[in-house]
1. Residue 187: under 30 Å from residue 80 (Cα atoms), modelled with pLDDT under 85 and either out of contact with any helix residue (DSSP H, G or I) (no Cβ under 8 Å at 6 or more places or on another chain) or surrounded by fewer than 11 Cβ atoms within 10 Å (Cβ to Cβ) (or both), yes or no?
2. Tally up the residues in region 11-64 that are at pLDDT below 70 and in a strand (DSSP E or B), please.
3. Pairs only if they're at least six apart or on different chains, beta carbon under 6 angstrom, first in region 36-54 and touching a residue at least 40 places away in the same chain (Cβ under 8 Å) and at positive phi, second assigned to a strand (DSSP E or B) and surrounded by 15 or more Cβ atoms within 10 Å (Cβ to Cβ); list them, first residue then second.
4. What about residue 198, is it in contact (Cβ under 8 Å) with a residue 12 or more places away in the chain, loosely packed, with under 15 Cβ neighbours inside 10 Å and farther than 20 Å from residue 76 by Cα?
5. With the condition being at pLDDT below 90, more than 28 Å from residue 175 (Cα to Cα) and more than 18 Å from the chain's Cα centre (by Cα), I'd like the strands (runs of 3 or more DSSP E) fully within region 68-133 carrying at least 1 qualifying residues.
């Protein structure tokens with residue numbers, strides 16, 4: 001990735017979180033506004049992974065288009081669009097830095113992902129169920145940093161962090177998503193299957209506060 005005092009530095013960075021399942025609680029808030037708009041926010045505490053941790057927060061604006069088509073509302077068909085920003089922070093506690101200085105006290109690699117989403121969704125309500133099909137387009141900016149076992153940054157960490165912008169990149173992604181919601185009392189269970197470059201499945205239990 002670069003050199004330090006003439007010596008080339010190589011990283012062996014994680015290729016994934018090495019977990020098939022991640023369980024993390026999060027708080028999601030929606031505030032209904034006039035004219036079919038809704039402001040939404042999402043926040044999760046830092047979640048421990050096998051060899052690292054993960055945290056995300058975001059906010060967005062949703063607009064309901066079904067209000068313009070009374071025949072759709074009568075059939076309980078919903079059309080909506082949402083724009084959202086999210087910030088993901090994922091850190092790994094393992095990092096192999098290969099130099100003649102050893103690992104230089106560096107043992108954590110952090111990736112920060114800033115993403116802007118555009119989502120178009122159509123759903124159908126059937127009794128206590130809601131079936132939803134969505135198309136999502138997003139653009140993500142990736143940045144990275146390293147640190148070590150001490151709280152104070154080392155000279156080596158600072159030098160490497162100066163080189164890491166060479167790895168920063170912007171990625172575009174398109175995702176299709178199918179989800180099913182089941183509502184009961186003040187809860188709803190949600191199952192989601194996403195398909196795009198990768199396939200992903202999520203299960204969630206949500207509590208509704210009016």
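1. No: the conditions fail for residue 187.
2. 2
3. Qualifying pairs under 6 Å: 52/91; 52/92.
4. It is false that residue 198 is in contact (Cβ under 8 Å) with a residue 12 or more places away in the chain, loosely packed, with under 15 Cβ neighbours inside 10 Å and farther than 20 Å from residue 76 by Cα.
5. Passing ranges, in order: 96-98, 106-126.
The values are calculated or read from the model by the stated rules, or taken from the named source; none is laboratory data. Keep in mind that what you see is a predicted model, and the values were worked out from it rather than measured. Positions of Cβ are backbone-derived with ideal geometry, glycine not excepted, and every protein chain shown enters the neighbour counts.
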